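J.: Take a look at the following structure, please.
What follows draws every value from the coordinates through simple rules; no lab data is involved. Not measured: the values here are computed from a predicted model. Here Cβ is always computed from backbone atoms with ideal geometry, including for glycine, and neighbour counts include all displayed protein chains.
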Amino acid sequence: IHFGNARFLTSAPSIRQLPTDEGIEVAFAGRSNAGKSSALNALTRQRQLARTSKTPGRTQLINVFSLDADHQRLIDLPGYGFAKVPMEMKLKWQRSLGEYLEKRECLRGLVVLMDIRHPFKDLDQDLIYWAVESKIPVLAVLTKADKLKSGARKKALMEAQEAVPAFGGDVNVITFSATSKAGLPELEAILTSWLNA
Ligand code: GDP
């Protein structure tokens, strides 16, 4: 798969308005500021494909990108975890996200991006549990790995690898840096295996 051929397909205001549940799709999720847009841009070799989120708390769209073939898609889910978002909106979003993970037939994998310095916050864990319950494989991506020195980076990876068996499902961990591109081949390999399965 040539991720550099990714192109913007559509934006959906809600999960219900996503393209028809056909083909194969892989979703990217993470707390706001986790580095999701930067990772998507590094993956697709495009500087501006995924916009880095500048406006906390505003209604965010779900962005859909197609790969070489239209039946393979990347789904960029809105960032979560903004303190300022009203509780009612948070709960609504969590419900629809849970429903997406549970019901979406074409979903073959979930990438959860987390800052390597603060991984596995509550919402990250909830999301991973929902995916596991729905038998969706998960890739936990520890982002901004360049922010840590090599020793600390290895320690963070080891701790994460020790933490994931508790989720009980198919959960892998990699470290990643959009800046240095470290971890990009691993990310591509796992996405390719999901998208081609
Ligand atoms: P998003 O809200 O999850 O889409 O996060 P962004 O991709 O917008 O990144 C949030 C902030 O972290 C921005 O200031 C990025 O420049 C920075 N950032 C993202 N990835 C990396 C990385 O790999 N290394 C470093 N040093 N900074 C990063």
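J.: From the Cα gyration tensor of segment 1-91, with a ≥ b ≥ c the square roots of its eigenvalues, which class applies: rounded if a/c is under 1.5, or else prolate if a/b is larger than b/c, or else oblate?
T.: Numbers: a/c = 2.54, a/b = 1.45, b/c = 1.75.
It is oblate, given that a/c is not under 1.5 and a/b is not larger than b/c.
J.: Continuing with this model, one more query. Classify segment 85-154 as rounded, prolate or oblate from the Cα gyration tensor: take a ≥ b ≥ c as the square roots of its eigenvalues, call it rounded if a/c is under 1.5, otherwise prolate when a/b beats b/c and oblate if not.
T.: Numbers: a/c = 3.14, a/b = 1.60, b/c = 1.97.
In terms of gyration-tensor shape, oblate.
J.: If you take every DSSP beta bridge whose two residues both sit in segment 1-160, what share of them, in percent to the nearest 5, is antiparallel? Walk me through the numbers on the way to the answer.
T.: On the way: 9 of 27 bridges.
Percent antiparallel among DSSP bridges in segment 1-160 is about 35.
J.: Quote the relative contact order of segment 1-96 in percent (integer), defining contacts as alpha-carbon pairs under 8 Å separated by 6+ residues.
T.: Details: 141 pairs, mean separation 37.9, N = 96.
Relative CO of segment 1-96 lands at 39 percent.
J.: Among the lysines in the chain, how many pairs, 8 or more places apart or on different chains, have alpha carbons under 13 Å apart? Write out the running numbers ahead of the final one.
T.: Working: LYS36/LYS54; LYS36/LYS144; LYS103/LYS135; LYS144/LYS181; LYS147/LYS181.
Taking the chain as the scope, the lysine pair count is 5.
J.: Per-residue HN-Hα couplings for segment 150-163, Karplus 6.51 cos²θ - 1.76 cosθ + 1.60 at θ = phi - 60°, whole Hz, x for Gly and Pro?
T.: Going residue by residue, I get 3, x, 5, 5, 4, 5, 4, 5, 4, 4, 5, 5, 6, 7 Hz, with x marking Gly and Pro.
J.: Take ARG153, ARG95 and order them by how many other Cβ atoms sit within 10 Å, fewest up front.
T.: Working: ARG153 18, ARG95 11.
Exposure proxy ranking, most exposed first: ARG95, ARG153.
J.: Compute the Cα gyration tensor for the chain, then decide on rounded, prolate or oblate, letting a ≥ b ≥ c be the square roots of its eigenvalues: rounded whenever a/c is under 1.5, prolate when a/b is larger than b/c in the other cases, and oblate in all that remain. Don't jump to the answer; show the numbers that get you there.
T.: On the way: a/c = 1.29, a/b = 1.15, b/c = 1.13.
Cα axes put the chain in the rounded bin.
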